[in-house]
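Novice: Submitted below is the structure of interest, expressed as structure tokens.
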Amino acid sequence: MALIEVKNLVKQFDDKIVLKGVNLELNEGQVKVIMGPSGCGKSTLLRCLNLLVQPTSGQIIFRGEEITRPGVDVRRLRRNIGFVFQHFALYSHLNVQDNVTLGLRKIRKMSAREATDKAFHELERVGMFDHRNKYPAQLSGGQKQRAAIVRALAMDPVVMFLDEPTSSLDPEMAREVVSVINKLYLENVTMLCVTHDAFLAKYISDSIIFLDEGVVLEEDIAERLFYDHPNPRIREFYLSVVDLK
Amino acid sequence: MTFWNILRVLASGAGFTILVTVACTATGLLIGLVTAMLSRLHWRPVEIMIAAYTYTFRGIPVLVLLFIVFFGLPIVGIRVSPFLSMILSLGLISGAYLSEIFRGAMNSVRREEILAAEAMGMTRVQSFLYIVLPQMVRFSIPGMINEFTSVLKYSPFAYTVGIPEIMKEAMGLAAVTLRGLEIYLAVGIIYFIIYRMFCMLFATLEKRYRIPGLSAD
Amino acid sequence: MTGMDPFLHDLIVFSPQILAGLKNTVVLMAIISLTGFFGGIAVFYLELNGNKICRKMTERYISFFIGTPLLVHLFLMYYGLPQLGIHISPLAVSVIGFTLNVSAYNARYLMTAYNGLDQMELEAARAQGFTPAETFRSITLPQVLRLSVPSLTNQVIQNLKDTSVAFLIQYQDFFAQVQEIAATNFEFFKAYMMAGLVYLTLVSVIVVAARGLEKRIALPGF
């Protein structure tokens, strides 16, 4: 049984149809990357999967349970998904440690002691332990994103969703974050990642889902997608992506 | 009567001044907070009522409202104590200003952080309590301090309804000694001292709870 | 006129006094808004370009008048000046008291706006050879005024509302007239409610005018 199954997902905003029947599957332990031109609906797709955006029609099945039916427990669903935002979205009034422990204490209902221990452990894993008392405004972009990843990871989610995690970062910081994502990849964390970082797509994924104008054009491994693909839209896209090496 | 004696007599009214100021500010804070939270529900009728309230109570002079409450209401059968009159006038007006301040502060909380809280699985109540409220309060601090000093500066109106605060003591003294210049100078000094004391108090509190990088832009 | 509400009847009978009171209110508001405006600019200039002692004293003045109640300023003038042998009308007393008060606030608003300015422009002006007064007049003041329009117009609204305080020092403004009518027919509730509505209307007029002004002076990039 797949972890996530998406069948014919459609999303319409007012008069614009952003997703026109998307199908995808994610199994436990897999890492898939979603790529495509601007406006293809990548972020909308991700946000439909944890119901931050309400799908117009179609089916999403998460761990065997259909979450697109009415009356679904949205909170419970979201507690099992770790979401990482493009612009970090750290809670600006809390330091790194508190950013991580807030969810642990209030959602996972851990005691302060347990939450702190867990937070310390997770922060150590990504090398952010020394920054635990800093506030978001005092961190660099790469540090902020790493903190955001820890905040999501510490909740022990079943899957991690990353929405353009490196798009707001300069190359050096992007590398910091990519190395963390790589670590998670090697530890078999299930991930779905929207990105236009070709390096990430090539080396840190099991397959790439190419989305264009609301439909999945192709799903394949990087080697076959990036170079001289028969589909002109795909070929055009990857020609314009710089530095595919 | 020496200047020092004048100060001593006036200072006895200071307690009432501070009491009235604190009570009216507290009322204002409560109203401001409640209206801010209500406006989050995005119910049209409620939004209209809040807008009407803030417009009306920021457009009417404090003295006029005070007189409506204290002298006017008894005519239609409602007796109001002097203290309550101050709260229902200065307090309600202060609430209108604080309502605007709090709502502005609430809208300054970054949408993305609230989204992150929801993505984590927090309920709307939780995201309000742990994300919106702490930031909203911090953003409102300059406005709250401003409003407090404003209430302090309208508190002398309390003498018109008989509350024995500084101004009332002063007028009594002036009537007897006819040394208006010194007396009102002393009054000014006492108010100024109270003002500075509260400024220092707020500055210390603000420093204690300041968070690096947290500002409302 | 037997069927008419007695209160309305009184309003009509007393309408000359009411209108006179309204006139006095608006006149006072207009005067102090102007004197307070120019006074504020003057104080702001002193704060900026005066010598060290001047600046210190100006800061003290602003601090004191912002930190103490308006009523105290008015009472100080009204009861204090006669002691010094100065006997002037309630209007004159009000104008002096209000002006000192309003100038302090306006100066503070201007200073706040000034701190938000790009200092480089002012340095460039100095480098070009403008005297402080010229820099002030041609560059600092226009920009600071433009930035302060919301605060300054809010102050005018505040001035209008605060004129009601002048009745406490025997100025025959609109509120004072309302007091007199209420004293004759004891219709305190109706009288004060009507007063409230009148003030609200006057404030609304200024609000509309202020919005219009803000629209007219809006510049791209500001």
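Quick note: the coordinates plus some simple rules give every number you see, no bench work behind them. Being a predicted model, the structure only gives us computed values, none of them experimental. In this analysis, Cβ positions are derived from the backbone assuming ideal geometry, glycine residues included, and neighbour counts consider all displayed protein chains.
Novice: I'd like the distance between the alpha-carbon centres of the range A:189-221 and the range B:21-86, rounded to an integer number of Å.
Specialist: Computed from Cα coordinates, the inter-centre distance equals 57 Å.
Novice: Right, here's the next one. Does anything in the range A:170-199 have its amide N under 19 Å from the 7 Å Cα→Cβ label point of A:Val215, and if so which residues?
Specialist: Within reach of a label on A:Val215, which here means backbone N under 19 Å from a point 7 Å along Cα→Cβ, the range A:170-199 contributes nothing.
Novice: Across peptide B:63-76, how many C-beta atoms of other chains are within 10 Å of each residue C-beta, on average?
Specialist: Values: counts 11, 13, 4, 1, 12, 8, 2, 2, 7, 10, 3, 2, 8, 4.
For peptide B:63-76, the averaged partner shielding equals 6.
Novice: For the protein assembly as shown, what is the mean residue ellipticity at 222 nm derived from helices alone (per DSSP H run of n ≥ 4: -39500 (n - 2.57); sum divided by total residues; nearest 500 deg cm²/dmol)? Please report the intermediate quantities before stating the final value.
Specialist: Working: 29 runs with 421 residues, N = 684.
Value at 222 nm, helices only, nearest 500: -20000 deg cm²/dmol.
Novice: I'd like the per residue volume of the convex hull spanned by the Cα atoms of chain B, given in cubic angstrom. Can you show the working numbers first?
Specialist: On the way: hull volume 31.2 nm³, N = 217.
Given the Cα convex hull of chain B, per-residue volume reads 144 Å³.
Novice: Tell me, rounded to the nearest percent, the portion of alpha carbon pairs in the range B:46-166 spaced more than 25 Å apart.
Specialist: Values: 2953 of 7260 pairs.
So the portion of pairs separated by more than 25 Å is 41 percent.
Novice: Rounded to a whole number, what is D in µm²/s for the range C:44-196 from Stokes-Einstein with the Kirkwood radius over alpha-carbon pairs (25 °C, 0.890 mPa s)? Show your work: numbers first, answer last.
Specialist: Working: Rh = 18.1 Å.
D = 135 µm²/s.
Novice: Another question, then. What residues qualify as long-range amide H neighbours of A:Val215, i.e. H under 5 Å apart, gap of 5 or more or another chain, H built at 1.01 Å from N?
Specialist: Here A:Lys20 satisfy the definition.
Novice: Cut-off is 10 Å between beta-carbons; in what order do A:His196, A:His93 appear when sorted fewest neighbours first? Walk me through the numbers on the way to the answer.
Specialist: Numbers: A:His196 18, A:His93 24.
Final ranking by Cβ density, sparse to dense: A:His196, A:His93.
Novice: Considering every pair of different Cα atoms, what Kirkwood radius, in Å, is found for the range C:56-144?
Specialist: On the way: mean 1/r = 0.0652 Å⁻¹.
It is 15.3 Å.
Novice: Which is the longest run of chain B containing none of the chymotrypsin sites (Phe, Trp or Tyr not before Pro) found in DSSP loop states (not H, G, I, E, B) with at most 14 other C-beta atoms within 10 Å? Each step should come with its number before you reach the end.
Specialist: Details: sites that count: B:Trp43, B:Tyr209.
My reading of the result: B:44-208 is the longest stretch.
Novice: Now a separate question. Do any GluC sites (Glu not before Pro) in the range A:141-245 lie in a loop, going by DSSP, with at most 14 other beta-carbon atoms within 10 Å of their beta carbon, and if so which? The partial results should precede the final answer.
Specialist: On the way: sites: A:Glu172, A:Glu176, A:Glu187, A:Glu213, A:Glu218, A:Glu219, A:Glu223, A:Glu236; in loops: A:Glu187, A:Glu213.
The qualifying sites are A:Glu187.
Novice: Let me ask another. Would you work out if chain A is rounded, prolate or oblate? Take a ≥ b ≥ c from the square roots of the eigenvalues of the alpha-carbon gyration tensor; rounded if a/c is under 1.5, else prolate when a/b is larger than b/c, oblate otherwise. Kindly include the intermediate steps, with their values, before the conclusion.
Specialist: On the way: a/c = 1.95, a/b = 1.31, b/c = 1.49.
In terms of gyration-tensor shape, oblate.
Novice: Here's something else I'd like to know. What list of ³J(HN,Hα) values in whole Hz, one per residue of the range A:64-71 in order, does the Karplus curve 6.51 cos²θ - 1.76 cosθ + 1.60 (θ = phi - 60°) give from phi, with Gly and Pro shown as x?
Specialist: x, 10, 7, 8, 8, 7, x, x
Novice: Here's a follow-up. Kindly write out, for the range A:38-48 in residue order, the coupling ³J(HN,Hα) from the Karplus curve 6.51 cos²θ - 1.76 cosθ + 1.60 (θ = phi - 60°), rounded to whole Hz, with x marking Gly and Pro.
Specialist: Each residue's phi maps through the Karplus curve to give 4, x, 6, x, 4, 5, 4, 4, 4, 6, 6 Hz.
Novice: Moving on to the next point. For labels at C:Ala124 and C:Phe186 in the simple 7 Å Cα→Cβ model, what's the distance in nm?
Specialist: Rounded to a tenth, the inter-label distance reads 7.2 nm.
Novice: Relative to the longest principal axis of the C-alpha atoms of chain A, give the angle of the C-alpha long axis of helix A:96-106, reported between 0 and 90° and rounded to the nearest 10°.
Specialist: Value to nearest ten degrees: 90.
Novice: How far apart, in nm, are two points set 7 Å out from the Cα along the Cα-to-Cβ line at B:Phe3 and at C:Ile53?
Specialist: 2.0
Novice: Which of the residue pairs A:Lys11/A:Lys144; A:Lys11/A:Lys106; A:Lys144/A:Lys183; A:Lys118/A:Lys144 have a Cα-Cα distance greater than 22 Å in the structure shown? Let's see the in-between values first.
Specialist: Details: A:Lys11/A:Lys144 31 Å; A:Lys11/A:Lys106 32 Å; A:Lys144/A:Lys183 17 Å; A:Lys118/A:Lys144 19 Å.
Pairs exceeding 22 Å: A:Lys11/A:Lys144; A:Lys11/A:Lys106.
Novice: Helix by helix, which DSSP H runs in chain B go 15 Å or more along their axis at the Cα atoms and have an average Kyte-Doolittle hydropathy of 0.5 or more? The partial results should precede the final answer.
Specialist: Numbers: long enough: B:3-39 (51 Å, 1.63); B:44-59 (22 Å, 0.19); B:92-107 (22 Å, 0.61); B:133-154 (29 Å, 0.38); B:166-177 (16 Å, 1.10); B:180-208 (42 Å, 1.20).
Result, helices passing both filters: B:3-39, B:92-107, B:166-177, B:180-208.
Novice: Calculate the length of the line joining the C-alpha centroid of the range A:99-156 to that of the range B:130-190, in whole Å.
Specialist: 46
Novice: Right, something else. Using the Karplus curve 6.51 cos²θ - 1.76 cosθ + 1.60 with θ = phi - 60°, what ³J(HN,Hα) values do you get for each residue of the range A:211-219, in whole Hz, with x for Gly and Pro?
Specialist: Values, residue by residue: 9, 9, 6, x, 10, 7, 7, 6, 10 Hz.
Novice: Right, another one. All other residues with a Cβ under 13 Å from the Cβ of A:Val18 taken together, and with Lys, Arg as +1 and Asp, Glu as -1, what is their net charge?
Specialist: So the environment of A:Val18 carries a net charge of +1.
Novice: Let me ask something else about it. Based solely on C-alpha atoms, express the radius of gyration and the Dmax of the protein assembly as shown in angstrom.
Specialist: Rg then Dmax for the protein assembly as shown, in Å: 32.6, 103.
Novice: 7 Å from Cα along Cα→Cβ at both A:Ser38 and C:Met4: what's the point-to-point distance in nm?
Specialist: Result for the modelled spin labels: 7.0 nm.
Novice: Could you give the length gained by full extension between B:Leu19 and B:Tyr209, i.e. 0.36 nm per residue of separation minus their alpha carbon distance, to one decimal place?
Specialist: Working: separation 190, 0.36 × 190 = 68.40 nm, distance 2.52 nm.
Here the segment from B:Leu19 to B:Tyr209 would lengthen by 65.9 nm.
Novice: Let me ask something additional. Relative to the first principal axis of the alpha-carbon coordinates of chain C, what is the inclination of helix C:15-49, with its axis defined by its Cα atoms, in degrees from 0 to 90 and to the nearest 10?
Specialist: It works out to around 10 degrees.
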